[in-house]
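Notes follow the structure.
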Amino acid sequence: MLLELARSKHILFFGGKGGVGKTTVSAATALAMAMEGKRVLLVSTDPAHNLGHLFNRDIGPRPVRLASNLDGMELDPEQTVNEHLNEVSGSLRKLMAPHLAGEVDKHIELSRDAPGMQEAAIMERIAEVVEQAAREYDMLVFDTAPSGHTARLIALPEMMSAWTDGLIKRRDKAERFSSVLRNMGSDKSIGNKVLGGQEDPLAERESAIRSLLNRRKRRFSDLRTALSDAQRTSFIIVLAAERLPVLETIELHDQLRRTGVKVGGLIVNKRLPDGLGEFLTERRVQEEVHLATLKQALPDLPRQDLTLVAHDVVGLEALERFARSLA
Ligand SMILES: Nc1ncnc2c1ncn2[C@@H]1O[C@H](COP(=O)(O)OP(=O)(O)OP(=O)(O)O)[C@@H](O)[C@H]1O
Ligand SMILES: [Mg+2]
């Protein structure tokens, strides 16, 4: 299913709960497509970036070659936020009178840690990548951060577009107002007096802001179009065959559908195979290998192991049983 779906799309998003295997599955899919001859760009949008861990090398915010036909990059949230804020502060300075520059700086500094700032900045980078990479690559594969984050991210283009629209409308009104003033002033210079006698710089400022807002708006609406174009784009949810990941998958699917993004398929990862006898023993040995590393790195920390149970822990009774096993 997965490779068949991948072959027919230009953009794939992988989302899902933490640790289910998004990075592993998205990277494997990207590699499989690259091996079939497509030029593929694998992009991690997760601030925790484990693409580098998976490939065992540094991968930065610019594309690097990972294999034949396969490039990878990790969107850097901090750098992205900085670039984003610089641009916003630049446009705010244009909007405000020069003596308010200090206020603008204060506002920008406060915004740096505001909720949603990283998401907005990352969304803008995704939009840029989709815009620019379309020329150089046959396919884009996005490895996203755990579910809630992803759904908010996907809903963002709409919000950002609405926000930009609002600003443009406000600019329109302001522009009409200034032009009325200017016309009034054409006989007696009333407008010029009100506007500080700087007709031309003002007009320039207006058009710089307008073109910036329009570029942003176009970028977000292009992304919106790309995301909701089911011919071109598919969203794949990765999950484990466990209770919470299943419930979260259902919820994520709902959220995505509401924002007009079609889920192309589900990958249930880490299923236990049939015929467990010998497998379980091997798996146990494998666990001991990982735990030895853990012990070596953190020798002084207390540790307790809990056994994988045969049934989901649901309901008070089961929870009590599980709680007793903690003793
Ligand atoms: N089918 C599998 N069998 C065994 N181990 C797996 C399998 N898929 C993934 N893993 C392992 O599970 C761990 C988590 O996988 P991965 O990093 O791909 O998850 P993720 O969803 O990207 O996590 P995060 O939400 O933290 O980004 C890794 O150590 C990976 O090697
Ligand atoms: Mg990951």
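The values are calculated or read from the model by the stated rules, or taken from the named source; none is laboratory data. In this text the structure is predicted, and so the values were computed from the model without any measurement. As a convention, Cβ positions derive from the backbone with ideal geometry for all residues, glycine included, and neighbour counts pool all protein chains shown. The area values use the complete protein model at the heavy-atom level, side chains included, leaving out ligands, DNA and RNA. Shrake-Rupley method; radii C 1.70, N 1.55, O 1.52, S 1.80 Å.
Carbon-plus-sulfur fraction of the accessible area of region 278-324, 1.4 Å probe, in percent?
Carbon with sulfur: 58 percent of the solvent-accessible area.
With the crude spin-label approximation of a point 7 Å out along Cα→Cβ, what separation in nm comes out for Asp58 versus Ala323?
5.0 nm
Past 29 Å, Cα to Cα: identify those pairs from Lys17/Lys217; Lys106/Lys262; Lys17/Lys262; Lys38/Lys262; Lys270/Lys295; Lys17/Lys295, in the order given.
Exceeds cut-off: Lys17/Lys217; Lys106/Lys262.
Multiplying the sequence separation of Arg283 and Gln231 by 0.36 nm and subtracting their Cα-Cα distance, what value in nm do you get?
That pair, Arg283 and Gln231, stretches by 14.7 nm at full extension.
Could you derive backbone 3J(HN,Hα) for region 291-306 from the dihedral phi with the Karplus parameters 6.51, -1.76 and 1.60 (θ = phi - 60°), listing whole Hz in sequence and x where the residue is Gly or Pro?
For region 291-306, the Karplus curve yields 5, 5, 4, 4, 4, 5, 6, 10, x, 9, 7, x, 9, 9, 9, 10 Hz.
Tell me the per residue accessible area of region 1-149 using a 1.4 Å probe; a whole number in Å² is fine.
46 Å²
Please enumerate, by chain and number, the aspartates and glutamates with C-alpha under 16 Å from the C-alpha of Lys22, excluding those fewer than 8 residues away in the same chain.
Correct list for Lys22: Asp46, Glu74, Asp143, Glu242, Glu248.
What shape does region 278-324 take by its C-alpha gyration tensor, where a ≥ b ≥ c are the square roots of the eigenvalues and a/c under 1.5 counts as rounded, a/b above b/c as prolate, and the rest as oblate?
oblate
Around Leu66, which amide H atoms from residues at least 5 apart in sequence, or from another chain, sit under 5 Å from its own amide H, with H modelled in the peptide plane?
When sequence neighbours closer than 5 places are left aside, the close amide H contacts are Asp71, Gly72.
Placing +1 at every Lys and Arg Cβ and -1 at every Asp and Glu Cβ, with all other atoms neutral, what dipole size does region 229-327 have around its Cα centre, in debye to the nearest 20?
Using only the charged Cβ atoms, the result is roughly 300 debye.
Residues of region 278-324: accessible area per residue at 1.4 Å, in Å²?
Result: 97 Å² per residue.
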